[in-house]
Amino acid sequence: MIYDLIIIGLGPAGLTASIYASRYELKHALIGSLKGGTASESHLVENYPGFESISGQELMENFFNQAKKYRPEFLYTKADQISKNKNVFEIRTNEGKIIKTKSIILALGVQHRALCIPGEKKFLGRGVSYCPTCDGPLFKNKIIAVAGGGDSALTSALYLSKIAKKIYLIYRKEVFRAQALWQTKLEEEKKIKKILNNQIKEIKGVGVVNEIILNKPYQNKKSLKINGLFIEIGVIPSKEFNLTPPLKLKKDSAGYIIVNYRQETNISGLFAAGDITSPADKLKQIITASAEGAISAVNAYRFLTKRTTRI
Ligand code: NDP
């Protein structure tokens, strides 16, 4: 069997692409593992029109249920290798299964950036976390640290302040880069202690995290006793699959996929949408990823039906 379209990624871009593909009656399937992508980890979304305030998980559940209504196939697997034979793509999954398709939308999103410091890998799941929504409740009345200075770090610190006893928010510069609204809310939260112009050098513990070492002293001490560390220092593009030569995707210097206004990559029939696309500093929001998902699906339909006129 050859699909019209395979969508790789189950985040806002992938799920919206599926809704549009269904409405164009494209025979398609979605490949992925994390339902809702990293958007589902956001504890509170207050800038997606139509929903004054909703958790990322609930909003993504809504996306998923809407996509599912049209009965596309969901293949809970991982795409390992993509090759092209004449005009048909072949996707090899990590179980060795081959999926054939005439077009693909890459909507893999991004993954968390690591601090790359000693102790980070060792204590992952033992006090080190990249997901406050998933792991925050484990730190009730504990002392925790959050690393970063963007929207993720500030919203995470604010969310965690409802659970933990005390939070150190550690940022390497003087002025946070997060939206002003989050900075105002931060000032009102007394449990959060700001540590600016400083960085975490090492994570220590016995079995679980109990200490972090700073680059510079904070209140005359270079180490802080903590129970957990949330790393919220941005994202990097996911690199979950390989392309078989001569297929070669054009990417920018930061590794994001270059697309045109139709979400077309340099490879015919291969589209990309959402946070995985260039430029690195574009607005990465649920609304923008969804819009790109819709555009990519419509243009996949045009590609498959060779339509050049407006739809
Ligand atoms: P950002 O890229 O915006 O911020 C990353 C932060 O981590 C920066 O402050 C950066 O410092 C810091 N950082 C990066 N590398 C290191 C390092 N090696 N050591 C220490 N600090 C480091 O990422 P976010 O995850 O905060 O946000 C990603 C996108 O998602 C943004 O577009 C954001 O607006 C959006 N978002 C929106 C939310 C909302 O509105 N509700 C919630 C969460 C995210 P520096 O500033 O010095 O570069």
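The values are calculated or read from the model by the stated rules, or taken from the named source; none is laboratory data. Quick caveat, the model's predicted, so the values are computed rather than measured. Cβ atoms come from the backbone with ideal geometry, glycine included; neighbour counts cover every protein chain shown. SASA here: full protein model, heavy atoms, side chains in, ligands and nucleic acids out. Shrake-Rupley method; radii C 1.70, N 1.55, O 1.52, S 1.80 Å.
Structural remarks
- For the range 108-196: rounded, prolate or oblate by the Cα gyration tensor [a/c cutoff 1.5]: oblate
- Heavy-atom accessible area for Phe51, with the other protein chains in place and a 1.4 Å probe, reaches approximately 80 Å².
- Extending 7 Å from the Cα toward the beta-carbon at both Lys100 and Lys250 defines two label points whose distance is 3.0 nm.
- Stokes-Einstein D in µm²/s, Kirkwood radius over Cα pairs - the chain at 37 °C with 0.692 mPa s viscosity: 158
- Counting only Cβ charges, +1 for Lys and Arg and -1 for Asp and Glu, the dipole size of the range 34-131 around its Cα centre is about 640 debye.
- Of all DSSP beta bridges confined to the chain, the antiparallel ones make up roughly 45%.
- Accessible surface computed residue by residue for the chain, with neighbouring protein chains in place and a 1.4 Å probe, gives 51 Å² per residue.
- Overall, the accessible surface of the chain at a probe of 1.4 angstrom is composed of carbon and sulfur to the extent of 50 percent.
- By the Cβ rule of 4.7 Å, the chain holds the following cysteines without a possible disulfide partner: Cys116.
- Annotation for the range 249-311: trypsin sites (Lys or Arg not before Pro) lying in DSSP loop with at most 14 further Cβ atoms inside 10 Å of their Cβ are Lys250, Arg262, Lys282, Lys306, Arg307, Arg310.
- Mean-position separation - Cα centroids, the range 34-90 and the range 272-291, in angstrom: 14
- Heavy-atom accessible area with a 1.4 Å probe sorts Lys221, Lys162, Lys201, largest first, into Lys162, Lys221, Lys201.
- Positive-end ranking of Ile212, Ser278, Pro245 along the dipole of the range 134-286, with charges on Cβ about the Cα centre, is headed by Ile212.
- Computed from point charges on the beta carbon alone (+1 for Lys and Arg, -1 for Asp and Glu), the dipole magnitude for the chain about its Cα centre is near 560 Debye.
- Mean Cα-pair separation over length for the chain, i.e. relative contact order, pairs under 8 Å, 6 or more apart, %: 22
- Dipole magnitude for the range 238-311: about 340 debye, using +1 per Lys or Arg Cβ and -1 per Asp or Glu Cβ, origin at the Cα centre.
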